[in-house]
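Just so it is clear, none of the values below were taken in a lab; they were calculated from the coordinates. Fair warning: this is a prediction, and the values are worked out from it, not measured in the lab. Backbone-built Cβ (ideal geometry, glycine too); neighbour counts: all protein chains shown.
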Amino acid sequence: MIKITCIGSGNMGFALMKATAKRADVFFTDVDTEKARHACKQLTSIKLNASVLTSNTEAAEEGDFIFLAVKPQVLSDVLAEITPAVLKRQKTGSAPVLVSMAAGWSIDKIQSAVGQKVPVIRLMPNTPALIGKGMIAMSASPEVPADKLNEYKDILGDIGIVDYLEEHYMDAVTGLSGSGPGFVYLFIEALADGGVRTGLPRDKALSYAAQTVLGAAAMVKETGIHPGELKDMVTSPGGTTIAGIAELENGAFRSTVMKAVEAAWKRSIELG
């Protein structure tokens, strides 16, 4: 059975481990041991294999894939801690694959921190992975064997769409799909607030807003029609929709959204 060790047990790390535990043995380690135990308890309660390890070093010694589910700001410390175990396994021909989702941390930077060209997979998931609707971008170093890469891609299949792309796109992906759910949640909240302002009960407004965004996204995905054309289909001359769009444009809606993605992209670069 494949062993996947996860250093960190936050929301995204847990979401990825929940998916992988269906096809692999999962092990958690965390500076907050109780948090790691809670993550394991959640998985074992639904009959998935999960255990707690005593240290990050043990995670590096045991995992076929070592998932680095920590903040970019602490990744250098974690890598320094696990490097001796990783390099020891590298010398014996059983190198683990390091899997990172730290914004801004390139594969080259991770390898430089370790001091060797170890196998590295870089991911950029997003929070809808928690319900199996994620968008996960993946890049890998040449040291990752093709069979290992395909194996990990298959393991991640239960958390959404996994797309392999060249690493130089990763910061842009971070700004778009990595941070994008936060922008969409804000839009849903604003739509619901608009409904409340015009008289709808709060629960109804939120339900209608969320389903409207879900349905509109499905229209783009399932029809293949450009969003601009879909927008025109619902925008009749002198009607309600064009009145609302005019207000959005008065507020520089599209330009502001583009600037939000750009700001997240720049921050991703800064974190690296």
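Rg (Å, one decimal) plus Dmax (Å, integer) for the alpha carbons of segment 79-154?
When restricted to Cα atoms, segment 79-154 yields Rg and Dmax of 13.2, 39 Å.
Output the 0 to 90 degree angle, nearest 10, between the alpha-carbon long axis of helix 72-91 and the longest principal axis computed from the alpha carbons of the chain.
40
Once you order the gyration tensor axes a ≥ b ≥ c over the Cα atoms, which shape class does segment 108-199 get: rounded for a/c under 1.5, otherwise prolate or oblate by comparing a/b with b/c? Can you show the working numbers first?
Working: a/c = 4.05, a/b = 2.30, b/c = 1.76.
Note, shape of segment 108-199 comes out prolate.
Please identify which residues in segment 58-100 have an amide N closer than 16 Å to a label point set 7 Å out from the Cα of ASP32, following the Cα→Cβ vector.
69-72, 74
Below 8 Å, C-alpha to C-alpha, sequence gap of six or more: please give me the relative contact order for the chain in percent. It would help to have the intermediate numbers written out before the result.
Details: 413 pairs, mean separation 41.6, N = 272.
Normalised by residue count, the contact order of the chain is 15 percent.
Treating the angle as unsigned and between 0 and 90°, give the value, to the nearest 10°, between the Cα long axis of helix 202-223 and the longest Cα principal axis of the chain.
Compared with the principal axis, the helix lies near 80 degrees.
If one takes the longest principal axis of the Cα atoms in the chain, at what angle in degrees, from 0 to 90 and to the nearest 10, does the Cα axis of helix 240-250 lie?
Value to nearest ten degrees: 60.
Once Rh for the chain is found with the Kirkwood sum over Cα pairs, what is the Stokes-Einstein diffusion coefficient at 4 °C and 1.567 mPa s, in µm²/s? It would help to have the intermediate numbers written out before the result.
On the way: Rh = 20.5 Å.
Calculated translational D: 63 µm²/s.
Can you give me the distance in nm between label points at LYS153 and GLU249, each placed 7 Å from the Cα along the Cα-to-Cβ direction?
Between LYS153 and GLU249, the simple spin-label model gives 4.2 nm.
Please list log₁₀ I(q)/I(0) at q = 0.10, 0.14, 0.16, 0.17 Å⁻¹ for segment 30-169, using the Debye equation with identical point scatterers on the alpha-carbon positions.
Ignoring solvent entirely, the Cα scatterers give -0.34, -0.69, -0.92, -1.04.
Residues in segment 212-244 near a label at LEU200, defined as backbone nitrogen under 14 Å from the 7 Å Cα→Cβ point?
Under 14 Å, as judged by backbone N against the label point of LEU200, lie 212-216 of segment 212-244.
Kindly provide the Kirkwood hydrodynamic radius of segment 175-250 in Å, to one decimal, from all pairs of distinct alpha carbon atoms.
Numbers: mean 1/r = 0.0724 Å⁻¹.
Evaluated on segment 175-250, it is 13.8 Å.
Below 13 Å, Cα to Cα, which aspartates and glutamates can LYS204 reach? Residues fewer than 8 away in the same chain don't count.
Excluding near neighbours in sequence, the set is GLU189, ASP193.
Springs between alpha-carbon pairs under 10 angstrom, Gaussian network model over the chain: which of SER106, SER177, SER94 fluctuates most?
SER94
If the chain between LYS22 and VAL213 were fully stretched, how many nm would it gain, using 0.36 nm times the residue separation less the Cα-Cα distance?
Working it through step by step, the gained length comes to 65.7 nm.
For segment 3-170, what is the number of Lys pairs with C-alpha distance below 18 angstrom, counting only pairs 8 or more positions apart or on separate chains?
The number of close lysine pairs in segment 3-170 is 24.
Set the Förster distance to 51 Å, then compute FRET efficiency between THR240 and LEU165 from the Cβ-Cβ distance, nearest 0.05. Spell out each step's value before the answer.
Details: r = 40 Å, r/R0 = 0.78.
It comes to 0.80.
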